[in-house]
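Inspection log for the structure reproduced underneath, given as structure tokens.
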Amino acid sequence: MGLSELKVAVLSGKGGTGKTFITVNLAAVAGPSTYVDCDVEEPNGHLFFKPEYATEEIVTVKMPVVDQRQCTGCRKCVDFCRFGALAYSNSGLMIFADICHSCGGCMLICPEGALSENEKPMGKVRKWVAENVHGLSGILNIGEPSGVPLIHELLSDMNDRPHPVFIDCPPGSACAVMESIKEADYCVLVSEPTLFGVHNLQIVWELVRLFKKPFGVVLNKVLPGEAMAESFCAERGMHILARIPFTQHLGLLNSQGSIAVREDEDTRAVFLDLLKAISKEVHCEATAHS
Amino acid sequence: MRIVMPVEQASSRGSIGASFGRSPFFLLYETETKESSFIENSALANPGGAGIKAAQLVVDQGVNAVLAPRCGENAAKVLQGAGIEIYKTSSRSIEKSIHSFVQGRLPLLEETHAGLSHHGAE
């Protein structure tokens, strides 16, 4: 598998580790590429690319609606819903939209045809182009309990865009992250070198192993003498792909919304090497499994 | 009158559960006959919507009132939808709470809290 077919997901166990920094700079250094912002609760990658125009599409989820006149109170839907989104009492069937996962099961199981579907807007996908980088940013409506359907929509849009694709994941290891890495060929785990960083690295390490995804580690904000993540990786045979130093210069560029690889030669070299390391890893993986 | 309480153990000497939806048992009590029985809260392990499932369980027992220290907003909606009143307990003791209720000294629970889990993920 070559770089031009690759989908790389960038994830970390907590926010503020540098997922967006790594993803944005990888996309910027890769030439024609696609940046996908799956961190739908606080998408910010577009702030670095500053696209001049963008198109937006509303994303909806399906919500069950009940016709109380047709409902006989058999409660098949109540017993079926494993999320507990339905309840029945003498005042009729109640539907809890915040709990519903839009699986559609209640509608299939209702013998009376009392349940139908309604489209409920839950967010939007913003599509943009900035120089040779194509962007897809997911924006979740405030108060929505889950970004998963929005992430699903984002990822269904990435296939006919320039590759490599770089997926900026939400923090943590919950459903939204699982959805974000599902289609990825390779995962980059970003960690700080500290004890706190190691704890968060462990969380995503467990996740990528569960999903049997090939992965490598990028240590960000590296300071001399902070070796906890180094030894954690060494003990487990985890490959460290790059070490990005904790410098005021990088911090400043990032806070100004600049893309570091476009401003700083040393950083550009680090990211070009990282990109090479990822292609090599994916290539090795492909050979090993062929 | 048939009342129900979330409880920690299947014993009348046990204490009232801290949460409605995630207490392991419910104590059913008949104020006229003073008879009590326990049912297991099968919603306990539900990743999300435990309050709703637990409330459904209680609604199905045909009770008139719930005695609990607190109650989630979704569970409260289901209970209220079924015409069940929720009374606020202040003692952990089952016996004291029943006594206060029978004497009409328990206030109605006015504040409910947001669900404790969302989609079981966070």
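Please count, across the stretch B:2-102, the pairs of lysine residues with Cα atoms under 19 Å apart that sit 8 or more places apart or on different chains. Provide the component values of the computation, followed by the final result.
Working: B:K34/B:K96; B:K53/B:K77; B:K77/B:K88; B:K88/B:K96.
Step by step, the pairs that qualify in the stretch B:2-102 add up to 4.
I want the local charge near A:E192. Using Cβ-Cβ distances under 10 Å, sum +1 for each Lys or Arg and -1 for each Asp or Glu among the other residues.
+1
Helix-only mean residue ellipticity at 222 nm, chain A, DSSP H runs n ≥ 4 weighted -39,500 (n - 2.57), per residue, nearest 500. What is it?
-10000 deg cm²/dmol
Would you look at the GNM of chain B, springs on alpha carbons closer than 10 Å, and say which of B:V59, B:V78, B:V102 moves the most?
Of B:V59, B:V78, B:V102, the Gaussian network model singles out B:V102 as fluctuating most.
Averaged across the residues of A:89-96, what count of C-beta atoms belonging to other chains lies within 10 Å of each residue's C-beta?
5
Taking the Cα centre of the stretch B:2-102 as origin, work out the dipole magnitude from +1 charges on Lys and Arg Cβ and -1 charges on Asp and Glu Cβ, in debye rounded to 20.
With Lys and Arg at +1 and Asp and Glu at -1, about 300 debye.
For the stretch A:34-90, report the accessible area per residue in Å² (1.4 Å probe, heavy atoms, rounded to an integer). Numbers along the way, then the final one.
On the way: 3190 Å² over 57 residues.
Per residue, the stretch A:34-90 has 56 Å² of solvent-accessible surface.
Cut-off 10 angstrom, C-alpha nodes, Gaussian network model of chain A. Which of A:D168, A:D273, A:D79 fluctuates the most?
Highest fluctuation among the options: A:D79.
Just to confirm my numbers, what's the Cα centroid distance between the stretch A:93-132 and the stretch A:1-70 in Å?
Rounded to whole Å, the Cα centres lie 20 Å apart.
Any chance you could run the full-extension gain for A:N90 through A:L272? It's 0.36 nm times the residue separation minus the Cα-Cα distance, nm to one decimal.
Here the answer is 59.0 nm.
May I ask you to list the lysines whose Cα is less than 16 Å away from that of A:K280, ignoring any residue fewer than eight positions away on the same chain?
List returned: A:K7, A:K213.
When only C-alpha pairs under 8 Å and at least 6 residues apart count, what is the relative contact order of the stretch A:64-174, in percent? Present the calculation step by step, with values, prior to reporting the outcome.
Working: 131 pairs, mean separation 22.8, N = 111.
Normalised by residue count, the contact order of the stretch A:64-174 is 21 percent.
Stick to the Cα atoms of the stretch B:2-102, pair each with every other, and give me the Kirkwood hydrodynamic radius in Å at one decimal.
Hydrodynamic radius (Kirkwood, Cα only) of the stretch B:2-102 equals 13.0 Å.
So if R0 is 30 Å, what FRET efficiency would A:E263 and A:L210 give, r being the distance between their Cβ atoms, rounded to the nearest 0.05?
With R0 = 30 Å, the Cβ-Cβ based efficiency is 0.20.
Would you look at the GNM of chain A, springs on alpha carbons closer than 10 Å, and say which of A:V36, A:V217, A:V198 moves the most?
A:V198
Which whole-number percentage describes the relative contact order of chain A, with Cα contacts under 8 Å and a sequence gap of 6 or more?
Working: 586 pairs, mean separation 78.3, N = 290.
Rounded, it is 27 percent for chain A.
Using Cα centres only, tell me the gap between the stretch B:42-73 and the stretch B:6-40 in whole Å.
12 Å
How high is the relative contact order of chain B, given as a whole-number percent (alpha carbon pairs under 8 Å, six or more residues apart)?
Relative contact order, chain B: 26 percent.
Roughly what % of Cα-Cα distances in the stretch A:53-93 sit above 16 Å, to the whole percent?
Working: 402 of 820 pairs.
Considering the stretch A:53-93, 49 percent of its Cα-Cα pairs are separated by more than 16 Å.
How compact is the stretch A:61-120 by the rule of thumb for globular proteins, expressed as Cα Rg over 2.2 N^0.38 Å?
Values: Rg = 10.1 Å, N = 60, 2.2 N^0.38 = 10.4 Å.
Here the answer is 0.97, to two decimals.
Take every DSSP beta bridge with both residues inside the stretch A:95-237 and express the antiparallel ones as a percent of the total, to the nearest 5.
Percent antiparallel among DSSP bridges in the stretch A:95-237 is about 60.
Within a 10 angstrom radius of each residue's Cβ in A:165-171, how many Cβ atoms of other chains show up on average? Whole number is fine.
Details: counts 0, 0, 0, 0, 0, 0, 0.
Mean partner shielding for this stretch: 0.
Can you give the percent of C-alpha pairs in the protein assembly as shown whose distance is more than 39 Å?
Counting every Cα pair in the protein assembly as shown, those more than 39 Å apart make up 37 percent.
How much of the pair distance distribution for the stretch A:161-213 lies past 16 Å, counting alpha-carbon pairs only, in percent? Don't jump to the answer; show the numbers that get you there.
Working: 570 of 1378 pairs.
The share of Cα pairs beyond 16 Å in the stretch A:161-213 comes to 41 percent.
At a probe size of 1.4 Å, how large is the accessible area of A:H283, to the nearest 10 Å²?
Near enough 110 Å² of accessible area.
Of the peptides B:14-21, A:58-65, how do they stack up when ordered by the mean number of other Cβ atoms within 10 Å, highest first?
Working: B:14-21: 20.9, A:58-65: 17.5.
The peptides rank, most packed first, as B:14-21, A:58-65.
Are any of the pairs A:K50/A:K182; A:K127/A:K182; A:K76/A:K127; A:K50/A:K212; A:K62/A:K127 more than 30 Å apart by Cα-Cα distance, and if so, which?
A:K76/A:K127; A:K50/A:K212
The values are calculated or read from the model by the stated rules, or taken from the named source; none is laboratory data. Because the structure is predicted, anything quoted here is derived from the model rather than measured. Counting neighbours? That spans all protein chains shown, and the Cβs are built from the backbone with ideal geometry, glycine included. Heavy atoms of the whole protein, side chains included, go into the accessibility calculation; ligands, DNA and RNA do not. Shrake-Rupley method; radii C 1.70, N 1.55, O 1.52, S 1.80 Å.
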